[in-house]
C-alpha cells in the first residue's frame, strides 16, 4: 500500500489467525478492503502466525491479545470464547470498533456494552453464517411474537460440544436426523459454544436470548450446514433458510462466515450501503 494511502487508512488488528482470521488477513493484504489495512495480528501460536503472514507477504507484527487495541482502530475478535475478554476489554476501554465473531460471549457481558457507551467504542457483530438479521431488526420495531432458529449440521460439525460430551451423546453414531437440543438461546450458547454464535447474533438483533428458541439437529445425510430463521411479528411473518458448506479449516462454523466478516468491514468504507 502506498505511504499516503496507508496514512489515511484505518488499521485492523485481528485476534485469532485461524480459518476466519486468515481469510480476513488475506483480503486486507490483497487490497480488497480499500480504506482498511492490516495493522497487527495475535494468535496462540505466534511462530505459526508469523509463517502465515510471511506467505501472504504481510509485514505486520504478531503481538499479544491485549496489544491489538494499541495498534489498530478496528479490532476483530475471531477466537475461542475463553480468550474473548483479552481482546474485547482493551478494545472497548480504548474506544475502538470491536468486531465480534463469538457473539455468544456478549450475552453475559451487558457491562461491556454499557462501558462501550461510556468510552465511545462500538461493537459490531457480523451476520456470520445466517441471513435475515436486517428483516428481524425491522420487524422488531413492530413487536415480535416468536423467533425460532433451527440449525441442521453434519454430525462432525457438532462432535465434542460440551452438551453432548456431558450426556455421552455420540452424534457420529446417528443413522438419521436427530434433534439433540431444543431451548432458549442462552442455554444453547452454553451447550454448543462453537456452533450457535449465529443464534446469539439473532437474539441480540431481536427477541433476546431468553425468548429466542433454538433447535440443534445432527443430520448424517447433511453435506452442508443448514440454518433456518422463522420470525412472527406484528408487521410480517417470514422464514429465511441458508445452506452453507462447513468451513474446511473449522467444521464447527460455516464457509459463509469469513465472507460475512469481510462484507461487514467493507460496509465501513463503501460510499453506498444497501440493507438496514
Query raised in the report: Within the range 205-214, is even one residue within 19 Å of residue 158 (Cβ to Cβ) and at pLDDT 95 or above?
Result: yes
Query raised in the report: Taking the range 187-209 as the region of interest, how many residues are in contact with a strand residue (DSSP E or B) (Cβ under 7 Å, 6 or more places away or on another chain) and assigned to a helix (DSSP H, G or I)?
Result: 6
Query raised in the report: Which residues, taken from the range 246-276, are surrounded by fewer than 16 Cβ atoms within 10 Å (Cβ to Cβ), more than 17 Å from residue 125 (Cβ to Cβ) and out of contact with any strand residue (DSSP E or B) (no Cβ under 7 Å at 6 or more places or on another chain)?
Result: 248, 249, 270, 271, 272, 274
Report summary line: Picking from 276, 203, the residue that is under 30 Å from residue 9 (Cβ atoms) and either in the same structural domain as residue 33 (by TED's automatic domain parsing) or in contact with a helix residue (DSSP H, G or I) (Cβ under 6 Å, 6 or more places away or on another chain) (or both) would be 276
Report summary line: Given (1) farther than 23 Å from residue 18 by Cα; (2) surrounded by 14 or more Cβ atoms within 10 Å (Cβ to Cβ), residue 175 misses just (2)
Report task. Please state which of the following conditions residue 222 fails to meet, knowing it meets all the rest: (1) surrounded by fewer than 19 Cβ atoms within 10 Å (Cβ to Cβ); (2) modelled with pLDDT of 95 or more; (3) part of a loop (DSSP other than H, G, I, E, B). Result -> (2)
Requested in this report: Among the strands (runs of 3 or more DSSP E) lying completely within the range 88-164, list those that include at least 3 residues that are touching a residue at least 24 places away in the same chain (Cβ under 8 Å), under 24 Å from residue 71 (Cβ atoms) and touching a strand residue (DSSP E or B) at 6+ places or on another chain (Cβ under 9 Å).
Outcome: 97-100, 122-124
Report summary line: All conditions in (1) touching a strand residue (DSSP E or B) at 6+ places or on another chain (Cβ under 8 Å); (2) at pLDDT 95 or above are true of residue 53 except (2)
Report task. Assess whether residue 257 counts as being more than 21 Å from residue 20 (Cβ to Cβ) and either without any contact (Cβ under 8 Å) to a residue 12 or more places away in the chain or assigned to a helix (DSSP H, G or I) (or both). Result -> no
Query - Output for the range 31-44, where each listed residue is farther than 15 Å from residue 61 by Cβ and not in a strand (DSSP E or B) - result: 31, 32, 33, 34, 35, 44
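The values are calculated or read from the model by the stated rules, or taken from the named source; none is laboratory data. Fair warning: this is a prediction, and the values are worked out from it, not measured in the lab. In this analysis, Cβ positions are derived from the backbone assuming ideal geometry, glycine residues included, and neighbour counts consider all displayed protein chains.
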